[in-house]
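The values are calculated or read from the model by the stated rules, or taken from the named source; none is laboratory data. The model shown is predicted, which means the values in this text are computed figures rather than measured ones. Note: ideal-geometry Cβ built from the backbone for every residue, glycine included; neighbour counts use all protein chains shown. The accessibility values were calculated without ligands, DNA or RNA, using every heavy atom of the protein model including side chains. Shrake-Rupley method; radii C 1.70, N 1.55, O 1.52, S 1.80 Å.
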Amino acid sequence: MIRPKRLGMTIAHRAAILVYVAFALFPLYWLVKVSVTPNDLLYSEGVKMWPSRATLDHFAFVLEHSDFPLFFRNSMIVSVSTAFIVTILSSIGGYALSRFTFRGKFWIVGLMLLTQMFPLVMLIAPIFKMLSPLGLTNSLSGLILVYVAFNVPFATFLMQSFFDGIPKDLEEAAMIDGATRFMAFRQIILPLTLPGMAATLGFVFTAAWSELLFALMLISGVDASTFPVGLLSFVSKFSVDFGQMMAAGVLALIPACIFFLLIQRYLVQGLTAGAVKG
Amino acid sequence: MTEAVSAQYGRDRRPFLRRLAIASEPYLYSAPALILIVTVMLVPLAIGISYAFRDMTLLDPFSGGFIGLDHFRAIAKDKTFWLALKNTVYWTGYSVALQFAFGLILALLLDKPFYGRGLAQALCFLPWAVPSFLSGLNWAWMFNPVVGPIPHWLYGIGLMSAPDNILSDPDLAMWGPIIANVWWGIPFFAITLLAALQSIPRDLYEAAAIDGATPFQRFRSITLPFLAPTIAITVMLRTIWIANFADLIVVMTNGGPADKTQIVASYIFTQAFRRLDFGYASAIAMVLLLLLMVYSLLIVFLRQTLLKER
């Protein structure tokens, strides 16, 4: 039998969840709404919840008559590479920060914190001057290099906190049984940190996916442009075509959303608690 | 730590190379990340800092000379800078506080299993996947009375006397970017706090419940102490990021009306890209950097104290 108080709590809980979901989704809904509104109704029916005529013309135009598919491909290459490289580097680095005390650790942490503290705008001119003799401006590899460096410090802190949550006894037991530390790290600790790694992967992917400033400054040609730069081109070319721009925005959201739906289940698993018990 | 103990007492008979390998292990683990950070961020930072003491205007062939502290003297007299500094405090304070509060509530709501949790979680976290400038554009659109619903709602519930655009109202404009920022940033806190919540051993709650602890007592004496280190580090990083986060403001209000939404980061952006004055922009960035360093030293100190207590 369910007690009334319990039932009331459950209803309040579900209602609160619904409010969050509505708040999170409404702006996205509006984005979709604008993207299917025909140009002639964009302002006259601007406030209506749904236009009296919906059209997919904006999407068709973006896919067939713009460079958007190319931007999309570039963004995909850059974001996926960045996410994987950063996750590997930050897992190793985060493990070092979590498990060892060593000379210079304080300074390493300090330097990594320092990288989070200034506006990256400050770095644009120097980075451009450094990368251009190496042929890394106007190339996707250069962009990946820069994004990896920008994301590694935070990802390392994140991974460190995930490692901190895993008891040291686990790898100490393995090392007593004759495993080297690296074996223990790879075979025991890393599998337990998979949810953490998935979270890191997700953070970095979205950060790289939406970065605009450096993509704008380091890339000048269409061939290596990522999609945020491409989106801006809808603003600067002739006049702003909001319908097309929002359509491109909706398309750009799809991979990020799919990525999120895939990784979020790793967060739910809470493998750490299970490892301590089992 | 068997190696450490045996090394201390001089009984280590393992080969020299093996001992060297063990001693260098932490450095090998952190080296790849560190090398990248130094070459791609810290070296350019040093160069950028040097700009603060030089007359660096892009496209001006005669610029580049050393001018000492002139930029910093100019900052001291720059009224827009001081206004921007004040705005930065408001912007960062409200954004972080609201993101944290709503993020923590969301994490707590999602912590216990219920039917449809996976879906609810995925949907609530979705704003994080939206590129910041796209969400800025979209929110600016929604705040506009011609094409967006928000002014009409605010008018409808009596919060506004007419459905106007709050982005063009000097007294309210800052709330536009703040709301967009809260929407965008709640998932960050919710994700990290939820991950921390899930790593708390469930047995603790069961034991506390058996001993008759109320839900509030359990929250205060189990949840909060376990979350505290995560809270300290995420609030610190988030504060720094938001203080530096100009995208939403640049896209939504561009610092206006009358510099009422100009924060230091957007002011730096304006100086660098509208006026191409990289020297002055770097000098302002240095001031911001120093302020944020003082702030984070305080938080790091706090976190160390919290960790020791555990």
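Results, tabulated for the structure shown:
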{"item": "Inter-centroid distance (Cα atoms) of the stretch B:254-290 relative to the stretch B:207-251, Å", "result": "31 Å"}
{"item": "Reduction of at least 30 Å² in accessible surface, 1.4 Å probe, comparing all protein chains with the chain by itself, residues of the stretch B:223-241", "result": "B:237, B:240, B:241"}
{"item": "Solvent exposure of chain B as accessible area per residue, Å², 1.4 Å probe", "result": "47 Å²"}
{"item": "Between 0 and 90°, nearest 10: helix A:4-36 axis offset from chain A longest Cα axis", "result": "50 degrees"}
{"item": "Per residue accessible area in Å² of the stretch A:65-277, where ligands, DNA and RNA are left out and the probe is 1.4 Å", "result": "39 Å²"}
{"item": "Within the accessible area of the stretch A:1-55 (1.4 Å probe), percent carbon and sulfur", "result": "72 percent"}
{"item": "Buried accessible area, chains B and A (both chains, 1.4 Å probe, Å² to nearest 100)", "result": "8400 Å²"}
{"item": "Longest DSSP-loop-exposure-free segment, trypsin sites (Lys or Arg not before Pro), chain A, at most 15 other Cβ within 10 Å", "result": "A:169-236"}
{"item": "The stretch A:65-277 - percent of accessible surface contributed by carbon and sulfur, probe 1.4 Å", "result": "68 percent"}
{"item": "Partner aspartates and glutamates for residue B:112 [C-alpha distance under 15 Å; skip if fewer than 8 residues away on the same chain]", "result": "B:203, B:206"}
{"item": "Summed residue charge, Cβ within 14 Å of residue B:71's Cβ, Lys/Arg positive, Asp/Glu negative", "result": "0"}
{"item": "For B:133-143, mean number of other protein chain Cβ atoms within 10 Å", "result": "5"}
{"item": "Stokes-Einstein D for the stretch B:218-310, Kirkwood Rh over Cα pairs, 25 °C, 0.890 mPa s (µm²/s)", "result": "160 µm²/s"}
{"item": "Dipole in debye (nearest 20) - the stretch A:1-55, about Cα centre, beta carbon charges: Lys, Arg +1; Asp, Glu -1", "result": "520 debye"}
{"item": "Between the stretch B:104-130 and the stretch A:160-198, the alpha-carbon center distance in angstrom", "result": "28 Å"}
{"item": "Charge dipole (the stretch A:65-277, unit charges on Cβ, about Cα centre) - positive-most of A:86, A:257, A:219", "result": "A:86"}
{"item": "Spatially proximal lysines relative to residue A:48 (Cα-Cα < 26 Å; intrachain offsets below 8 disregarded)", "result": "A:33"}
{"item": "For the stretch B:159-203, residues shielded by at least 40 square angstrom of accessible area compared with the chain on its own, probe 1.4 Å", "result": "B:183, B:191, B:195, B:198, B:199"}
{"item": "Cα gyration tensor, the stretch B:77-309 - rounded (a/c under 1.5), prolate or oblate", "result": "oblate"}
{"item": "Shielded by partner chains, the stretch A:7-26 residues - at least 10 Å² of accessible area, 1.4 Å probe, vs chain alone", "result": "A:13, A:14, A:16, A:17, A:20, A:21, A:23, A:24, A:25, A:26"}
{"item": "Positive-end residue, the stretch A:1-55 charge dipole about Cα centroid, Cβ charges, pick of A:26, A:4, A:44", "result": "A:4"}
{"item": "Descending semi-axes in Å of the stretch A:1-55, equivalent ellipsoid built from Cα gyration tensor", "result": "39, 9, 8"}
{"item": "Along chain B, longest interval not containing exposed chymotrypsin sites (Phe, Trp or Tyr not before Pro), exposed being DSSP loop plus at most 11 other Cβ atoms within 10 Å", "result": "B:116-310"}
{"item": "Shape of chain A, Cα gyration tensor, a/c cut at 1.5", "result": "oblate"}
{"item": "Under 18 Å from residue B:79, Cα to Cα: lysines that are on another chain or at least 8 residues apart", "result": "B:260"}
{"item": "Size of charge dipole - the protein assembly as shown - debye, nearest 20, with Cβ of Lys, Arg +1 and Asp, Glu -1, no other charges", "result": "1580 debye"}
{"item": "Peptide B:20-32 - average C-beta neighbours from other chains (10 Å radius)", "result": "6"}
{"item": "The protein assembly as shown shape via C-alpha gyration tensor axes, a/c threshold 1.5", "result": "oblate"}
